[in-house]
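No lab work stands behind these numbers, since they all come straight from the coordinates. All values derive from a computational prediction rather than experimental measurement. Backbone-built Cβ (ideal geometry, glycine too); neighbour counts: all protein chains shown.
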Amino acid sequence: EAQVTQNPRYLITVTGKKLTVTCSQNMNHEYMSWYRQDPGLGLRQIYYSMNVEVTDKGDVPEGYKVSRKEKRNFPLILESPSPNQTSLYFCASRNREIPYEQYFGPGTRLTVT
Amino acid sequence: AQSVTQLGSHVSVSEGALVLLRCNYSSSVPPYLFWYVQYPNQGLQLLLKYTSAATLVKGINGFEAEFKKSETSFHLTKPSAHMSDAAEYFCAVRKSGGGSQGNLIFGKGTKLSVKP
């Protein structure tokens, strides 16, 4: 089954404790992206990657890092989480040549206290 | 720069009534437009898309949207609401030009409630 998986689905952590949210897709997609969703703000893009070793900032990259060492994986790293990063995070992927067929993961709800 | 505006953060309809969710876009080039749906505790899934072919686009679950260039609108409609339509709906436009081409810009979302 074609899918995007994220782990963990729920995470409660404390300020400053480094964490990683993993994202994996099994569709051989070149493009992957991370979004955060906040009430009243919709989805905002954090980082995206056009292919392995190619990453770029989205609209709200501050406080986040990403890496793309393998095509299927695109982890989101919070080196020093802060309460304003409490949010619902979505990973997405698509075929680079079909820009509208974006597949979303189930989401990771992060709470930073 | 491109943008989308969704009018109404919350829309409530009765079961069987018409659903109308409004989306206006801003784009200096012919846009690619999308509607995504998010059911509770799930990720987003593509409902329908406009990619410069037919202006009336049909999607899944009986939804459709009409691209109106003169009004810069892409409103989502469904003739008869069902309880299972209760979800949050996002309008999006595809970025064009530059290195971020292909990225999506999302509206703030409209939460649809369906009353029995």
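If each Cα of segment A:1-62 is one equal point scatterer, what is log10 of I(q)/I(0) from the Debye formula at q = 0.28 Å⁻¹?
Calculated log10 I(q)/I(0) at the listed q: -1.30.
Report the Cα-based extents of the protein assembly as shown along its three principal axes, largest first, to the nearest Å.
Result, largest extent first: 49, 39, 34 Å.
Hey, if you put +1 on the Cβ of every Lys and Arg and -1 on every Asp and Glu Cβ in the protein assembly as shown, which of A:Ser67, A:Gln6, B:Gln45 ends up farthest toward the positive end of that dipole?
A:Ser67
Within 10 Å of each Cβ in A:103-110, how many Cβ atoms from other chains are there, averaged over the peptide?
Working: counts 4, 7, 3, 3, 5, 0, 1, 0.
Per residue, the average neighbour count from other chains is 3.
Which values, in whole Å and largest first, are the semi-axes of the equivalent ellipsoid of segment A:3-113 obtained as the square root of 5 times each eigenvalue of the Cα gyration tensor? Show your work: numbers first, answer last.
Details: eigenvalues 99, 38, 32 Å².
In descending order the semi-axes read 22, 14, 13 Å.
Kirkwood Rh over alpha-carbon pairs of segment B:47-105, then Stokes-Einstein at 10 °C and 1.306 mPa s: what D in µm² s⁻¹, rounded to an integer?
On the way: Rh = 13.0 Å.
After rounding, the answer is 122 µm²/s.
Apply the Debye scattering formula to chain B, with a single equal point scatterer on each alpha-carbon and no solvent, then give log10 I(q)/I(0) at q = 0.17, 0.23 Å⁻¹.
-0.77, -1.34
How large is the dipole of chain B about the Cα centre if only Lys and Arg carry +1 and Asp and Glu carry -1, each at its Cβ, rounded to the nearest 20 debye? Display every interim value, and only then the final one.
On the way: 11 positive and 6 negative charges, 45 e Å.
In total the dipole reaches around 220 debye.
Could you tell me which trypsin sites (Lys or Arg not before Pro) in segment B:20-96 are loop residues by DSSP with no more than 14 other beta carbons within 10 angstrom of their beta carbon?
On the way: sites: B:Arg22, B:Lys49, B:Lys58, B:Lys68, B:Lys69, B:Arg94, B:Lys95; in loops: B:Lys69, B:Lys95.
Sparse-neighbourhood loop trypsin sites (Lys or Arg not before Pro): B:Lys69.
Take every residue in peptide A:84-94, count the Cβ atoms of other chains within 10 Å of its Cβ, and give the average of those counts.
Details: counts 0, 0, 0, 0, 3, 0, 3, 1, 3, 0, 2.
The per-residue average across the peptide is 1.
When Cβ neighbours within 10 Å are restricted to other protein chains, what is their mean count per residue of peptide A:42-50?
Details: counts 13, 11, 3, 6, 0, 0, 5, 0, 4.
For this peptide, the per-residue mean of nearby foreign Cβ atoms is 5.
Among A:Thr113, B:Thr72, A:Tyr89, which residue has its Cα positioned farthest towards the positive end of the charge dipole of the protein assembly as shown, with +1 placed on the Cβ of Lys and Arg, -1 on the Cβ of Asp and Glu, and the dipole taken about the Cα centre?
So the residue we want is A:Thr113.
Remind me, relative contact order of chain B in percent, using alpha carbon pairs under 8 angstrom and six or more residues apart?
Values: 288 pairs, mean separation 42.0, N = 116.
Rounded, it is 36 percent for chain B.
Along the charge dipole of segment B:1-110, pointing to its positive end and built from +1/-1 on Cβ of Lys, Arg, Asp and Glu, which listed residue (B:Gly109, B:Asn24, B:Gly62) has its Cα farthest out?
B:Asn24
Could you work out the relative contact order of chain A, using alpha carbon pairs under 8 angstrom and six or more residues apart, expressed as a whole percent? Walk me through the numbers on the way to the answer.
Values: 299 pairs, mean separation 40.3, N = 113.
So the answer I get is 36 percent.
Test of understanding: ordering B:His75, A:His29 by Cβ neighbours within 10 Å, fewest first, what list do you get?
Values: B:His75 19, A:His29 22.
Ordered from fewest to most neighbouring Cβ atoms within 10 Å, B:His75, A:His29 come out as B:His75, A:His29.
Quick one: dipole size for segment A:45-113, taken about the Cα centre, charges +1 on Lys/Arg Cβ and -1 on Asp/Glu Cβ, in debye to the nearest 20. Show your work: numbers first, answer last.
Working: 9 positive and 8 negative charges, 41 e Å.
That gives a dipole near 200 debye.
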